[in-house]
Amino acid sequence: MLEFDGLHKSYGDNRVLEGVGFTVAPGSMFGFCGSNGAGKTTTMRIAMGLARADAGEVRWRGRPLDEEARRRIGYMPEERGLYPKMRVGEQLTYFARLHGMDAAAAARAAEEWSGRLGLAERRGDPVEKLSLGNQQRVQLAAALVSRPEVLILDEPFSGLDPVGVDALAEALLEQCRAGVPVVFSSHQLDLVERLCDSVGILARGRMVATGTVEELRRRESGRVLRVVVPDAAPGWAAAVPGVRVVSERAGDTLLELAGGTDDQQVLAAALRTGRVTHFAWREATLVELFREVVADPVQQAAVREEVAA
Amino acid sequence: MSAPSSTSPLSSGQLVRLVAGREISSRIRDKTFIASSVLMIVLILGVLVFQVVVNSGEDTSRIGVVGDPGQVGTALEAQGEALDVDVEVVRFDTEDAARTAVEDEEVDGALVGSSGDPELVVADPDTTLEAVVSGAVGSVALGDALAQAGVDPSDLPQLTVTALDGDSAADTQRTVVAVVGVVVLYSLLILFAQFVAQGVVEEKSSRVVELLLATMKPWQLLAGKILGLGVLGLGQIAVIAAIGIGGALAFDVVDLPGELIGTVLWLLFWFVLGYALFASLFAVAASLVSRQEDLGSVLTPASLVLVAGFIVAVQAASDPDGTLAIVTSYVPGLSPMVMPVRQAAGDVALWEVGVAVALMLVAIALVVRLGGRVYSGALLRTGGKTKLREALKAGEA
């Protein structure tokens, strides 16, 4: 298990993390979401020893991460970084060696990974001569080349074209299947939804939601009932107890049900207005979940009042 | 359960060696480095060739003698030595042959006539040649006269020479070597300290430092960088020294190879100390900025110390016992350039060198300790210039 436990971090008066915690099981992929400045990068940098937590710790296999354990983590920083004038092959070999591989194994691994990520022909070129997309591949190869036990990747998909995204996703899934826990942050929620076994959403330094994508979807707050009743008078649903109208336009109604409210009662009320052409629970997308949980509480309350008014 | 791990734990020493190895292998292919190496070697060869040309300017005087040179030949050579002229005695069978040789400029002059009535035939009047020949003829005549009178020349009073100012010719030579050496030392100090600074900023500006620090501590990165480039710098100065010494011996430019080698070894020693101090200073200063463009401003203070040391050292060559030279030869940062000049030019007691070395070591220790903290604190702060105090504070944490 890779465990992030109760991380706190302040820069001066600015409290960046206020008790961030989540766990990632070996062989699973964890999508780390949150708006800009929520603290994702700080959390990952604490794991890599690049920032120090005021409180809390990150553990791998039950032991707090130390320098030796970090050597077995593949890391991709948010700000990409490679030696611009160093050749691709030599650079990968160097990083493999820094992670503790001997010279021969490092050279082999560098060759293998540059080949697998489609960089075979660029091995002898300095990194600065490569396109941005290819530099990104080298960056990923640098994270994977030492056969890490854990992968921590900060925004690995940003700046990639769709083909690059697929190649990276495939590489990550492969690592996962080999039993490596993978944590990555991303703003591309569709991607997170597609790839991740579990998701954590960070807002204002706190984890506001964690769980599998399924679990998050089942959360009441994220679920809406869509009922289409063409002949109904406006405000037909407001009278049903436990129902809050999210939106209503020409009979196309989105409803949110309070806990314990029976959806069949809503159906009965709908039928009383006439024809019902559509009645279904709509699964919230991760984007909607994200908006829901990340929104500022004050703003959110204002929105609710507006809708109710 | 997890991917097979083919990695093994690394010691600090291994990490430092890895970093140093990368520095050497990437710098040795760097165009600036290659160009500077070639330039230095050309410079040293140039100095050597210059010395050889200057020395060969005082060419040998060839003096023709008719018949067996005998006593006159010996006297001519002895006289030449006294007047600092190389004399080669050429034998001719007849007076006519000697005269023809002078006309053909095969010899500079010819001594003809009898010993009672000697005549010097020259193509152009040459006072040095006249002095040599008349001195030689005179001393032969004097020897003959004394022998006839029954006086043994060795009974005559001999002049004993006592030099109060030591061996001044050798001193000058050592000072020249020291000044040339200090020029090389200063250039290499500036060059390699700059390399260290550029390397630090390159890692910061390319953000690769974040990946590096995920696998090692800041001091390991700094130590590897300074050691790697230091080995390269020491190698370069050693090659230059070897070429200089080898060339000087081969072309017979110096009289006292032992003194020359001593001076060069001291220069190498002071290079190591100077490099340790300035490389650390430059690295720490460089860690405060994130762009190569900002490097100049933060490096200025340390560079000024280097330039000052160089100027004082050159001045010290002409006045090695002056107060300025003596005082500055103890000041850390200036001592690596001033002390070797003083050591070469004058008598410096071993304890004086010891004090200068000790002060230098204290300064290096301080820079490494405080600077290491600044470096760790500033390394991960990108964007703009980090203030020294902020970096110190961050480094403490």
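The values are calculated or read from the model by the stated rules, or taken from the named source; none is laboratory data. Everything numeric here is computed off the predicted structure, so don't read it as measured data. In this analysis, Cβ positions are derived from the backbone assuming ideal geometry, glycine residues included, and neighbour counts consider all displayed protein chains. SASA here: full protein model, heavy atoms, side chains in, ligands and nucleic acids out. Shrake-Rupley method; radii C 1.70, N 1.55, O 1.52, S 1.80 Å.
With respect to B:ARG17, is the statement that it is outside any helix (DSSP H, G or I) and either under 30 Å from B:ILE245 (Cβ atoms) or in the same structural domain as B:ILE240 (by TED's automatic domain parsing) (or both) true?
Considered against the rule, which asks whether it is outside any helix (DSSP H, G or I) and either under 30 Å from B:ILE245 (Cβ atoms) or in the same structural domain as B:ILE240 (by TED's automatic domain parsing) (or both), B:ARG17 comes out as no.
Name the single residue, out of those in the range B:69-94 being in contact with a helix residue (DSSP H, G or I) (Cβ under 6 Å, 6 or more places away or on another chain) and in a helix (DSSP H, G or I), that is most open to solvent (accessible area, probe 1.4 Å).
Per the criteria, the residue is B:GLN71.
Of all residues being away from chain B (no Cβ under 14 Å), assigned to a strand (DSSP E or B) and of a type in the set (A, V, I, L, M) in the range A:15-54, which is farthest from B:ALA378 (Cα to Cα)? Just the residue, please. Show your work before the answer.
As a first pass, look at the range A:15-54 and keep what is away from chain B (no Cβ under 14 Å): A:15-23, A:29-40, A:43.
Checking the rest, the ones that are also assigned to a strand (DSSP E or B) come to A:15-23, A:29-34.
Then keep just the ones that are of a type in the set (A, V, I, L, M); that gives A:16-17, A:20, A:29.
Values: A:VAL16: 20, A:LEU17: 22, A:VAL20: 26, A:MET29: 34 Å.
Checked the range A:15-54; the qualifying residue farthest from B:ALA378 (Cα to Cα) is A:MET29.
Determine, yes or no, whether A:ARG204 is within 19 Å of A:SER35 (Cβ to Cβ) and open to solvent by 30 Å² or more (accessible area, probe 1.4 Å). I'd like the intermediate steps shown before the answer.
On the way: within 19 Å of A:SER35 (Cβ to Cβ): yes; open to solvent by 30 Å² or more (accessible area, probe 1.4 Å): yes.
Yes.
With the structure loaded, tell me whether A:ALA47 is open to solvent by less than 20 Å² (accessible area, probe 1.4 Å), in the same structural domain as A:ARG137 (by TED's automatic domain parsing) and without any contact (Cβ under 8 Å) to a residue 40 or more places away in the chain or whether it fails that test. Reasoning before the result, please.
Working: open to solvent by less than 20 Å² (accessible area, probe 1.4 Å): yes; in the same structural domain as A:ARG137 (by TED's automatic domain parsing): yes; without any contact (Cβ under 8 Å) to a residue 40 or more places away in the chain: no.
So A:ALA47 does not fit the description; no.
Going through the range B:176-204 one residue at a time, which ones are within 14 Å of chain A (Cβ to nearest Cβ) and open to solvent by 30 Å² or more (accessible area, probe 1.4 Å)? Talk me through it step by step, then tell me what you get.
The initial filter retains those residues of the range B:176-204 that are within 14 Å of chain A (Cβ to nearest Cβ), namely B:195, B:198-204.
Of everything in the range B:176-204, those that are within 14 Å of chain A (Cβ to nearest Cβ) and open to solvent by 30 Å² or more (accessible area, probe 1.4 Å) turn out to be B:GLN198, B:GLU202.
What do you reckon, is A:GLU57 assigned by TED's automatic domain parsing to the domain that holds A:GLU128, under 15 Å from A:PHE184 (Cα atoms) and open to solvent by 50 Å² or more (accessible area, probe 1.4 Å)? Explain how you work it out, then say what you get.
Values: assigned by TED's automatic domain parsing to the domain that holds A:GLU128: yes; under 15 Å from A:PHE184 (Cα atoms): no; open to solvent by 50 Å² or more (accessible area, probe 1.4 Å): yes.
For A:GLU57, the condition - assigned by TED's automatic domain parsing to the domain that holds A:GLU128, under 15 Å from A:PHE184 (Cα atoms) and open to solvent by 50 Å² or more (accessible area, probe 1.4 Å) - is not met.
Considering only the range A:146-181, state which residues are within 12 Å of chain B (Cβ to nearest Cβ), more than 26 Å from A:THR42 (Cβ to Cβ) and part of a loop (DSSP other than H, G, I, E, B).
Hits for the range A:146-181 are A:ARG147, A:ALA178, A:GLY179.
Select from the range A:87-106 the residues that are among the aliphatic types (A, V, I, L, M) and over 23 Å from B:SER12 (Cβ atoms) and write down the one among them that is nearest to the other protein chains (Cβ to nearest Cβ). Spell out how you get there, then give the answer.
Filtering the range A:87-106 for residues among the aliphatic types (A, V, I, L, M) gives A:88, A:92, A:96, A:98, A:101, A:103-106.
Right, trim to over 23 Å from B:SER12 (Cβ atoms) and you get A:88, A:92.
Numbers: A:VAL88: 14, A:LEU92: 12 Å.
Top of the filtered list is A:LEU92.
Looking only at the range B:125-153, count every residue that is outside any helix (DSSP H, G or I) and within 22 Å of B:VAL66 (Cβ to Cβ) and tell me the total. Spell out the reasoning first.
Applying the first criterion (outside any helix (DSSP H, G or I)) to the range B:125-153 yields B:125-126, B:149-152.
Imposing the further condition that a residue be within 22 Å of B:VAL66 (Cβ to Cβ) reduces the set to B:125-126.
Qualifying residue count, the range B:125-153: 2.
One line per residue, one yes/no per condition, for (1) in contact with a helix residue (DSSP H, G or I) (Cβ under 6 Å, 6 or more places away or on another chain); (2) open to solvent by less than 40 Å² (accessible area, probe 1.4 Å); (3) outside any helix (DSSP H, G or I); (4) more than 19 Å from B:LEU45 (Cα to Cα):
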| position | (1), (2), (3), (4) |
| --- | --- |
| B:MET216 | yes, yes, yes, yes |
| B:LEU222 | yes, yes, no, yes |
| B:ILE226 | yes, yes, no, yes |
| B:ALA248 | no, yes, no, no |
| B:LEU260 | yes, yes, no, no |
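Please identify the pairs in which a residue from the range B:119-145 that is of a type in the set (Asp, Glu) has its Cβ atom under 6 Å from the Cβ atom of a residue that is surrounded by fewer than 15 Cβ atoms within 10 Å (Cβ to Cβ), counting only partners at least 6 apart or on another chain.
That search, which allows pairs on different chains as well, returns B:GLU119/B:GLY113.
Out of the range A:107-132, which residues are within 12 Å of another protein chain (Cβ to nearest Cβ) and free of Cβ contacts under 8 Å to residues at least 40 places away in the same chain?
Within the range A:107-132, the first condition is being within 12 Å of another protein chain (Cβ to nearest Cβ), and the residues that meet it are A:108-109, A:112, A:126-128.
Of everything in the range A:107-132, those that are within 12 Å of another protein chain (Cβ to nearest Cβ) and free of Cβ contacts under 8 Å to residues at least 40 places away in the same chain turn out to be A:ARG108, A:ALA109, A:GLU112.
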